[in-house]
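*Asks:* Let me give you the structure first, and then I'll get to my questions.
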């Protein structure tokens, strides 16, 4: 079996940058080459936007270095199928679309709308702790 392919939601990536804990451990697995991070332009744009939220006190250098690292270590895909499974928060559908387009093994998220699905077309949807335990 090849490397585990995962879509890591923006909330997990932001937590990995700002705090220690399971999201950081997930990110370390990506850095170490144990997990392939797959991302779409939409997810990267969302990450860039969220990094600028005033509640986060990241410096411009931290944000730039993090985005550069994401660009360097990620596999980018262009979702081809529009999916409308998350009715409560349609913005979350871009995560599912990305996962389907690359036949991901996992979606790692802290978002309850996605976590409530548990699985979609064979793609497991887990929080950071459960993802780490399944590795």
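Throughout, read-outs are computed from the coordinates displayed, never taken from laboratory work. Source: prediction; values computed, not measured. FYI the Cβ positions are ideal-geometry reconstructions off the backbone, even for glycines, and counts take in every protein chain you see.
*Asks:* Answer rounded, prolate or oblate for the stretch 28-94, using the Cα gyration tensor with square roots of eigenvalues a ≥ b ≥ c: rounded when a/c is under 1.5, else prolate when a/b is larger than b/c, else oblate. Could you put the intermediate results ahead of the total?
*Replies:* Working: a/c = 2.25, a/b = 1.25, b/c = 1.80.
It is oblate, given that a/c is not under 1.5 and a/b is not larger than b/c.
*Asks:* Follow-up. Enumerate the residues in the stretch 91-114 having an amide nitrogen under 11 Å from the point lying 7 Å beyond the Cα of residue 28 toward its Cβ.
*Replies:* No residue passes the distance filter.
*Asks:* Let me ask something else about it. With the Cα gyration tensor of the stretch 71-110 giving a ≥ b ≥ c as the square roots of its eigenvalues, does the rule (a/c under 1.5 for rounded; else a/b larger than b/c for prolate; else oblate) give rounded, prolate or oblate? Kindly include the intermediate steps, with their values, before the conclusion.
*Replies:* Values: a/c = 1.99, a/b = 1.53, b/c = 1.29.
Prolate, because a/c is 1.5 or more and a/b exceeds b/c.
*Asks:* Label the stretch 43-135 by shape, choosing from rounded, prolate and oblate, from the square roots a ≥ b ≥ c of the eigenvalues of the Cα gyration tensor; if a/c is under 1.5 it is rounded, and otherwise prolate applies when a/b is larger than b/c, oblate when it is not.
*Replies:* Cα axes put the stretch 43-135 in the prolate bin.
*Asks:* Fewest Cβ neighbours within 10 Å first, please rank 75, 109 accordingly.
*Replies:* On the way: 75 10, 109 23.
Ascending Cβ contact count within 10 Å gives the list 75, 109.
*Asks:* Restricting to DSSP H runs of at least four residues, report the calculated mean residue ellipticity at 222 nm for the chain, -39500 (n - 2.57) per run over all residues, nearest 500 deg cm²/dmol.
*Replies:* Values: 7 runs with 64 residues, N = 135.
When only DSSP H runs of four or more count, the value is -13500 deg cm²/dmol.
*Asks:* Restricting the count to DSSP beta bridges whose residues both fall in the chain, what percent are antiparallel, rounded to a multiple of 5? Could you put the intermediate results ahead of the total?
*Replies:* Details: 2 of 14 bridges.
If we restrict to bridges inside the chain, about 15 percent are antiparallel.
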